[in-house]
Every structure is written in C-alpha cells, then in structure tokens.
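Next up is a structure, given as structure tokens.
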Amino acid sequence: MTSDVRELLKNAANFEAGAIPAWLDLPDPKGFRPKRKYETVWISDVHLGTRGCNAEMLVDFLRSIECRTLYLVGDIVDGWRLRKGWYWPDAHNEVIRRILKMAHRGTRVVFVAGNHDEMLRDYAGLTFGGVELVLEAVHETKDGRRLLVTHGDAYDGVVLYHKWLAYLGDQAYCMLLRANIVFNAVRRRLRLPYWSLSAYMKKRVKNAVAYISSFEEAVASEATSRGFDGVVCGHIHCAEIREFGGITYYNDGDWVESCTALVEDKSGAISIVDWVAETGGRSVTEDSVPSAVPAPTPLPAPAIPDVPAGVPA
C-alpha cells in the first residue's frame, strides 16, 4: 500500500470517527440567488488534477443547488494524468470541500468510480467522509423507474480492446484541450464568455460522432438486458437524453468541455443543466467569491495508480 493510500485511509478513518474539520460547519457565503432544489443530481468527468478542469464553474453550480442525492459518476479525479505530472490548484480542493460539505449536511453522495479514478475501485463498498464508494449503482426515480448508474468505460471498445489506440487518442485529446485553454484565455481578455473549442471540434468529426453513437447503443443494450428502465452514465463527455427501444439513455456530460449535469425534479423528470448556457460562460471565480474557509488546510493528495496515461473520456 502506498503512502498516499495510507494517508487517504487515515484521514477518512478520522473523519468517520468524529474528527470533523471545522470548515464543514462554517456557513456558506450569502448568495444573490435562491438555491435550486432537486431530488437527484448527477455529475461526472470533472478530471480534477488537469488544467482542462473547469473547477470554478463546478463550484459555482454546486453552491447553487440542494439535493437529496448526488451521484459522482466517475472520473472525478484524473489519476492517470496526475501520474504524469502534478497539478492541483486550490480550486480543485474547493470542489472536494463542497462535495464533503453537502455530504455532511445530509445529501447522500454516491461515488461511482470511473477509469481515470480506477485506483478507488479497490475500495468499493467503503464510505469516506460520508461519500459512498461503489462500482455501479441502481437509482429509483420519483416516478418509479429503475436506472442503472455506471461510468460507462466498461462498454467502450477502445478502452477494453485497443489500449494502444486509446493512449494515442489521449495525447491528441490533451493537445486539443491545451488549445482550448489558450483559446478561452484569449476570450477572457476580450471579455467574452467561455466556449468549448474541443467540444465543437468533437461534434463535427465524423468518426467521433460514430463512436459516440455506438457507445450509447452499447450502454442502452446493457440496461435492456438487465431489466432496467434506463441508464445514467458519463465517460464520453457528451450530455444526452435519448430513447433506445423503450430504454432511456442519460449522459450527464462533463466539466472539462460542456459543463453539464443531469437533475431530477420532484416528479421524477430528468433534464440536462447546461451551466455555460445558463451563466453565459461566466463562472464565479475564487477571487470574486468570499471563502467561508479562512486559509483551509490542503486535502491529502489522491493515490495515483501505477498505469500509463489513457483515454480522456
């Protein structure tokens, strides 16, 4: 067991034993808008630990909501990318703090481990700081439908059978994300809102469109064979709600390109929240929001698996 894993387990054990950090009970900054209330929220593919992660916008979104259940549908922490080089600004800590605060205040938080945070899969069945860690979950909506909740990498043929191609694709994708960062830095200087160049390019490449379509069909087929009414997943960074022969396929998107989530209201209806569209691409930043946590202690670094870098989605 690595020192990182030991430290993570030690902190989690202290948390469960009642050693609650003081910042968990501090009040949040007063917002100018009422919180939206949902039954359930799904987010995935945050990729904390990468420069492409839009952590400030995710914190802005999480501060704006209250929900009974929050599903983290994989790739929340990008262990593959951190294995190649360390990057962890305080905005990424703030995402973790926000999630732990929600768990502390009564939200059920379920973490479905993905392929980029696969180092956590060995700990499925445990609870860390009020966050349940699982390989997959079953969610029952308010209108009685049973949904399979899974990250989705198990149904990605490239990940499963052509890893050399996956690694090559990862490098190309990272180059596109770096271009996206530079592109949006220029837009900010021009006082223009965030706009995802990488998402725009992906939706217009014929092979990428075909890949997304085949992935959606594979996930929906799995839900059908297991008797579910629908499936919620992430992995491909493409928010979508589609019907496949009586099965509803839901994808909650990502917080690298599109900044989207799925939400369930009190009637059981599920919809996509596009945070860029709703905020005009202008998120609350660390400088513009007073922190409720004076000089917070940095969270322990996540354990990094001994694997080479892989696909981004």
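The values are calculated or read from the model by the stated rules, or taken from the named source; none is laboratory data. Keep in mind it's a predicted model, so treat the numbers as computed, not measured. So basically every Cβ, Gly included, is an ideal-geometry build from the backbone, and we count neighbours across all protein chains shown.
For region 155-171, state whether one or more residues are within 22 Å of Trp42 (Cβ to Cβ), at pLDDT 70 or above, part of a loop (DSSP other than H, G, I, E, B) and of a type in the set (Asp, Glu).
Narrowing region 155-171 to residues within 22 Å of Trp42 (Cβ to Cβ): 155-156, 159.
Now narrow it down to the ones that are at pLDDT 70 or above: 155-156.
From the residues that got through so far, the ones that are part of a loop (DSSP other than H, G, I, E, B) too are 156.
Keeping just the survivors that are of a type in the set (Asp, Glu) gives 156.
For region 155-171, residues within 22 Å of Trp42 (Cβ to Cβ), at pLDDT 70 or above, part of a loop (DSSP other than H, G, I, E, B) and of a type in the set (Asp, Glu): present.
Matching residues to (1) outside any helix (DSSP H, G or I); (2) modelled with pLDDT of 95 or more:
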{"position": "Leu82", "(1), (2)": "no, no"}
{"position": "Trp86", "(1), (2)": "yes, no"}
{"position": "Ala91", "(1), (2)": "no, yes"}
{"position": "Ile96", "(1), (2)": "no, yes"}
{"position": "Leu100", "(1), (2)": "no, yes"}
{"position": "Asn115", "(1), (2)": "yes, no"}
{"position": "Gly125", "(1), (2)": "yes, yes"}
{"position": "Val138", "(1), (2)": "yes, yes"}
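Can I ask one more? Only one of Leu58, Leu70 is closer than 22 Å to Glu240 by Cβ and in a helix (DSSP H, G or I); which?
Details: Leu70 fails: in a helix (DSSP H, G or I).
Just a single option satisfies the conditions, and that option is Leu58.
Could you grab me the full set of residues in region 225-253 that are of a type in the set (Val, Ile, Thr) and either assigned to a loop (DSSP other than H, G, I, E, B) or within 12 Å of the chain's Cα centre (by Cα) (or both)?
Within region 225-253, the subset of a type in the set (Val, Ile, Thr) is 231-232, 236, 241, 247-248.
Residue satisfying the conditions is Ile236 alone.
Right, here's the next one. Considering only residues that are at pLDDT below 95 and either surrounded by 24 or more Cβ atoms within 10 Å (Cβ to Cβ) or among the polar types (S, T, N, Q) (or both), which ones fall in region 239-258?
Once the filter is applied, which keeps residues that are at pLDDT below 95 and either surrounded by 24 or more Cβ atoms within 10 Å (Cβ to Cβ) or among the polar types (S, T, N, Q) (or both), region 239-258 yields Val256, Glu257, Ser258.
Any idea how many residues of region 120-140 are among the aliphatic types (A, V, I, L, M) and within 16 Å of the chain's Cα centre (by Cα)?
Filtering region 120-140 for residues among the aliphatic types (A, V, I, L, M) gives 120, 124, 126, 131, 133-135, 137-138.
Okay, now just the ones that are also within 16 Å of the chain's Cα centre (by Cα), so 120, 131, 133-135, 137.
Qualifying residue count, region 120-140: 6.
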